[in-house]
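Only one structure is covered here, and it is reproduced in the block below.
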Ligand code: ADP
Ligand code: MG
């Protein structure tokens, strides 16, 4: 049993996050993340895309995995240990091993501090090396992202373009040689011209077995381009999971199908369509029973309105939909 679990880097199991919103007395509850499970292995580097429209719970899931938000229920184990119960040494290892990359690179840096100074102190706090080896470690991470560390020295964050600073943020994350990067919409604020080059860095990191990546996006085409696996989320729940090509070329869930409608195979270029955005009212109205997608699903039967669909496993794919239950 132990031998099997020992190569699991991160084990997210039935994680749910419920936020209380509104006033203290008449407040309502919002299930931002609903019973999500996923795993990253130590010895198998992958890129997993988490896709879903705005408000589907992607960032909340990322924050829980990073230990920033505590799940209401479920568990997140890092090398077999609950990430919220780590001792000091284990917490340091976890922070080294699981690094975040956020949407807005300017928020990753202190605007009043020179970028290189920040990098030195980050590196010093995690790595037990002297100043000269430190320089080498930082240069190494910069070469992975295609930047020259010399040219970064002495500059403040605002002296970089968004795309450049996001590369610096990735280089910073790589200093500790993490096994997993949690990248939450890392290219959505970056110029289109630089977007692909940043995504190519992710592909390379995985190819060279440096790091697995959880790539959060609302853009199906970039998910298709870089990821091995994909999880489609709808209002906090997983609706479909599997090999990215299989899911996007032959979607099973009616929601995934809607997302992909009118995209010429085999190269989905479409971004999320505006009309599928949910209004707040709809969300509240439809919190209770059944499949969350049933009120918008062309295939819905009476059962779909009454009972939550189970997770159905078909070979390596998973789909939460009554259509596939026999
Ligand atoms: P996404 O990243 O997919 O856009 P989020 O995880 O940011 O989605 O949000 C999921 C839902 O949870 C949204 O309805 C959002 O308003 C709500 N939410 C997120 N953070 C909080 C919070 N701290 N308090 C209350 N509600 C929140
Ligand atoms: Mg988000």
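The values are calculated or read from the model by the stated rules, or taken from the named source; none is laboratory data. Predicted model, so just to flag it, every value in this text is computed and none were measured. Because the Cβ atoms are built from the backbone with ideal geometry, glycine has one as well, and the counts that use them run over all protein chains shown.
Is it the case that some residue within the stretch 69-86 is in a strand (DSSP E or B) and either within 16 Å of ligand 2 (Cβ to nearest atom) or at pLDDT below 95 (or both)?
The initial filter retains those residues of the stretch 69-86 that are in a strand (DSSP E or B), namely 73-78, 81-82.
The next check asks that each one be either within 16 Å of ligand 2 (Cβ to nearest atom) or at pLDDT below 95 (or both); those that pass are none.
Within the stretch 69-86, none of the residues are in a strand (DSSP E or B) and either within 16 Å of ligand 2 (Cβ to nearest atom) or at pLDDT below 95 (or both).
Just give me the residues in the stretch 98-113 being in a helix (DSSP H, G or I) and either modelled with pLDDT of 95 or more or exposed (fewer than 15 other Cβ atoms within 10 Å of the Cβ) (or both), in sequence order.
Initially, the stretch 98-113 is screened for residues in a helix (DSSP H, G or I), giving 105-108.
Listed by number, the list holds a single entry, 107.
Take the conditions surrounded by fewer than 16 Cβ atoms within 10 Å (Cβ to Cβ) and closer than 24 Å to residue 205 by Cα and apply them to residue 63. Does it pass? First the steps, then the outcome.
Values: surrounded by fewer than 16 Cβ atoms within 10 Å (Cβ to Cβ): no; closer than 24 Å to residue 205 by Cα: yes.
The answer is no for residue 63.
Can you name the residue in the stretch 114-149 that is assigned to a loop (DSSP other than H, G, I, E, B) and touching a helix residue (DSSP H, G or I) at 6+ places or on another chain (Cβ under 8 Å) and, of all such residues, is farthest from residue 208 (Cα to Cα)? Steps first, answer last, please.
First, pick out the residues of the stretch 114-149 that are assigned to a loop (DSSP other than H, G, I, E, B): 114, 127-130, 145-148.
This time we only want the ones that are touching a helix residue (DSSP H, G or I) at 6+ places or on another chain (Cβ under 8 Å), so: 127, 129, 145-148.
Values: 127: 22, 129: 24, 145: 13, 146: 15, 147: 18, 148: 20 Å.
Ranking the candidates gives 129 first.
Residue-by-condition table, conditions (1) more than 16 Å from ligand 2 (Cβ to nearest atom); (2) closer than 16 Å to residue 45 by Cα; (3) in a loop (DSSP other than H, G, I, E, B):
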| residue | (1), (2), (3) |
| --- | --- |
| 193 | yes, no, no |
| 221 | yes, no, no |
| 231 | no, no, no |
| 251 | yes, no, yes |
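Looking only at the stretch 40-51, count how many residues are farther than 14 Å from residue 244 by Cα and either near ligand 1 (Cβ under 7 Å from one of its atoms) or part of a loop (DSSP other than H, G, I, E, B) (or both).
From the stretch 40-51, those farther than 14 Å from residue 244 by Cα are 40-45; that's our starting set.
Narrowing the set further to residues that are either near ligand 1 (Cβ under 7 Å from one of its atoms) or part of a loop (DSSP other than H, G, I, E, B) (or both) leaves 42-45.
Residues meeting the conditions: 4.
I need the full set of residues from the stretch 215-236 which are closer than 27 Å to residue 290 by Cα and over 14 Å from the mean Cα position of the chain (by Cα), in order please.
Those that are closer than 27 Å to residue 290 by Cα and over 14 Å from the mean Cα position of the chain (by Cα): 234, 235.
Cβ-Cβ below 7 Å, separation at least six or inter-chain, first residue in the stretch 59-75 and within 10 Å of ligand 1 (Cβ to nearest atom), second part of a loop (DSSP other than H, G, I, E, B): which pairs?
60/69; 63/69; 64/71
Within the stretch 283-301, does at least one residue satisfy the condition of being part of a loop (DSSP other than H, G, I, E, B), over 30 Å from residue 181 (Cβ atoms), in contact with a strand residue (DSSP E or B) (Cβ under 9 Å, 6 or more places away or on another chain) and modelled with pLDDT under 90?
So far as the stretch 283-301 goes, yes, one or more of its residues are part of a loop (DSSP other than H, G, I, E, B), over 30 Å from residue 181 (Cβ atoms), in contact with a strand residue (DSSP E or B) (Cβ under 9 Å, 6 or more places away or on another chain) and modelled with pLDDT under 90.
Anything in the stretch 191-224 that is more than 16 Å from ligand 1 (Cβ to nearest atom) and in contact (Cβ under 8 Å) with a residue 60 or more places away in the chain? List them, or say none.
Once the filter is applied, which keeps residues that are more than 16 Å from ligand 1 (Cβ to nearest atom) and in contact (Cβ under 8 Å) with a residue 60 or more places away in the chain, the stretch 191-224 yields 202, 203, 204, 205, 206, 209, 210, 211, 212, 213.
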